[in-house]
Each structure stands twice: as structure tokens, then as C-alpha cells.
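J.: What follows is a structure written as C-alpha cells; I'll ask about it next.
The values are calculated or read from the model by the stated rules, or taken from the named source; none is laboratory data. All values reported here derive from a predicted model rather than from experimental measurement. Every residue, glycine among them, receives a Cβ derived from its backbone with ideal geometry; neighbour counts consider all protein chains shown. Just so you know, the surface numbers come from the protein's heavy atoms only, side chains and all, with ligands and any DNA or RNA stripped out. Shrake-Rupley method; radii C 1.70, N 1.55, O 1.52, S 1.80 Å.
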Amino acid sequence: MTTRIGVVTFPGTLDDRDSLRAVRLAGAEPVSLWHRDKDLHQVDAVVLAGGFSYGDYLRAGAISRFSPVMETIIEQARAGMPVLGICNGFQVLTEAHLLPGAMLRNNHLHFICRDQKLRVENAETAWTGDYTAGQEISVPLKNMDGRYVADERTLDELEAEGRVAFRYLDVNPNGSLRDIAGITNAEGNVVGLMPHPEHAVEPLIGTGRTDGLPFFTSVLKKLVSA
């Protein structure tokens, strides 16, 4: 049976087609999911793609969090379904309380678009199994509200439990506390990060590297072996 991975489109989502292509390149069947449809159409995992859902009004991800599809995603994520939030998708995951913390405006108050070096801190989640801990990768980064923040107790818990999944290297592009680029929940099935792995899946585009493809092959292998 083919593994089906859904990609959600909200009003203002920009990178859903890129994510669908990444899923296909990894060897899974990509499935488009509409924000107003609670039905996940029998997908095995979900990607919340990047963009500016609802124009980032109120806060980035704050309105999308209440879309009908999120009711089902929250339920299924808590039951163990793999969910990946990329950029705006990460913001939605924090607003939905599937991941702790919050995303604020970049500390320099400018939109940033660049190739970004990251270090893989946790290679044991559903989305990072094809990496190795300590591996350095480069993927595109583009955001305005990308500064990850949380209280000190939460930050200490993330560090102690190995739930920091990715950390910025060389430069902190947005003022994220402790250079955090991405985190995971305690169970390892929900991962969020600000950089865009779906833009680094084939040599012709993005960074010219395929450093982002293991996100999608990792979850495919996880689901096949389950």
C-alpha cells in the first residue's frame, strides 16, 4: 500500500506545491488537503507548509489554528500521526499548542531570505531519522516572524529532553533563543522548524543541494516500518 502524505493549504499558503513535490520525490503519494475540510483523506502523515496564512493577521498562524482541518490534525497528532510544520506551519503548531513556545517578529525587524546552515540536534524523530546527530546541513530560510521564544523553564526542558531538533549555525538570523531553529514534541512525531527543507530536495533549485530531502524520506521509512 502506498504511503500517503498530506499537505495543507490555507488562504495565503505559498509553499504547498513545493512540499507536495518533495513528498513525491521521497517516494510517497502527495495528497492536497484543504483547510476547510476536516477529512484528512486517509493520509499517514501531514505537512503544514510555509507562507503567510490569512496574511499573518493577529499573529502568524493564529487564525489558521482554528481552521476545521486543524481540529482533526490536532486529534491525530496527539494519537501519534507524524506532523511537520515548516515556517508558517511551525507557527501554526505553536498556536495549536502541539509544540511549546511562540514565534515573534525577527529581532532586526526585517524579512530575511538566505541559505542557512543548521546542525541536526535530534535524529530520532519521525522526520529526522535519515540524518545523524551533529550533522550540518544547509537549507533556505525566509521569514519575518521567525524568532523562537519560550520561558526559561520551557527552554531548559527542551534542552534536557533532547527536544531541540535543529540549531542555527554561524549566524542566528532572527534572534531565536538558544539558536533554536526547530523543535519536536516529547513523542517525536510532531516537528516544527523555520527553515524550508522542501526547497532543498533536488540539485537544480534552492540551495543546489538535497539537504532537505531526508525530512521526507525519514517519515516515509518510519511509516513503512511501523
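J.: Could you check residue 154 against (1) in a helix (DSSP H, G or I); (2) open to solvent by 60 Å² or more (accessible area, probe 1.4 Å); (3) over 20 Å from residue 29 (Cα atoms); (4) not hydrophobic (A, V, I, L, M, F, W, C) and say which number it fails?
T.: Going through (1) in a helix (DSSP H, G or I); (2) open to solvent by 60 Å² or more (accessible area, probe 1.4 Å); (3) over 20 Å from residue 29 (Cα atoms); (4) not hydrophobic (A, V, I, L, M, F, W, C) one by one, residue 154 breaks only (2).
J.: Consider the stretch 157-182. How many of its residues are more than 15 Å from residue 134 (Cα to Cα) and open to solvent by less than 10 Å² (accessible area, probe 1.4 Å)?
T.: 4
Here's the yes/no breakdown for (1) within 24 Å of residue 103 (Cβ to Cβ); (2) without any contact (Cβ under 8 Å) to a residue 40 or more places away in the chain:
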{"position": "4", "(1), (2)": "no, no"}
{"position": "11", "(1), (2)": "yes, no"}
{"position": "62", "(1), (2)": "yes, yes"}
{"position": "71", "(1), (2)": "yes, yes"}
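J.: I would also like to ask the following. Can you tell me which residues in the stretch 68-94 are touching a helix residue (DSSP H, G or I) at 6+ places or on another chain (Cβ under 7 Å) and either assigned to a strand (DSSP E or B) or open to solvent by 40 Å² or more (accessible area, probe 1.4 Å) (or both)?
T.: The answer is 83, 84, 85, 86.
J.: Further question on the same structure: Look through 147, 65 and report the one residue that is open to solvent by 30 Å² or more (accessible area, probe 1.4 Å), more than 25 Å from residue 218 (Cβ to Cβ), at pLDDT 95 or above and within 16 Å of the chain's Cα centre (by Cα).
T.: Of 147, 65, the one residue that is open to solvent by 30 Å² or more (accessible area, probe 1.4 Å), more than 25 Å from residue 218 (Cβ to Cβ), at pLDDT 95 or above and within 16 Å of the chain's Cα centre (by Cα) is 147.
J.: Something else about it: Take the residues of the stretch 99-123 that are crowded, with 20+ Cβ neighbours inside 10 Å and touching a Lys or Arg at 6+ places or on another chain (Cβ under 8 Å): which is farthest from residue 137 (Cα to Cα)?
T.: 103
J.: Could you list all residues from the stretch 202-221 that are assigned to a loop (DSSP other than H, G, I, E, B) and open to solvent by less than 10 Å² (accessible area, probe 1.4 Å)? It would help to see each step written out before you state the result.
T.: Step one: filter the stretch 202-221 for residues assigned to a loop (DSSP other than H, G, I, E, B), giving 202-212.
212, the sole residue that qualifies.
J.: Here's something else I'd like to know. Would you be able to say whether some residue in the stretch 186-194 is of a type in the set (Asp, Glu), farther than 25 Å from residue 18 by Cα, without any contact (Cβ under 8 Å) to a residue 60 or more places away in the chain and open to solvent by 60 Å² or more (accessible area, probe 1.4 Å)?
T.: No: zero hits.
J.: Quick one: count up the residues across the stretch 1-29 that are touching a Ser or Thr at 6+ places or on another chain (Cβ under 8 Å), closer than 20 Å to residue 226 by Cβ and not in a loop (DSSP other than H, G, I, E, B).
T.: 3
J.: Here is a follow-up. With respect to the numbered conditions (1) modelled with pLDDT under 95; (2) open to solvent by 50 Å² or more (accessible area, probe 1.4 Å); (3) closer than 25 Å to residue 158 by Cβ; (4) not aliphatic (A, V, I, L, M), which one is the sole condition not fulfilled by residue 50?
T.: Unmet condition: (2).
J.: In the stretch 158-177, how many residues are more than 18 Å from residue 87 (Cβ to Cβ), part of a helix (DSSP H, G or I) and free of Cβ contacts under 8 Å to residues at least 40 places away in the same chain?
T.: The total comes to 2.
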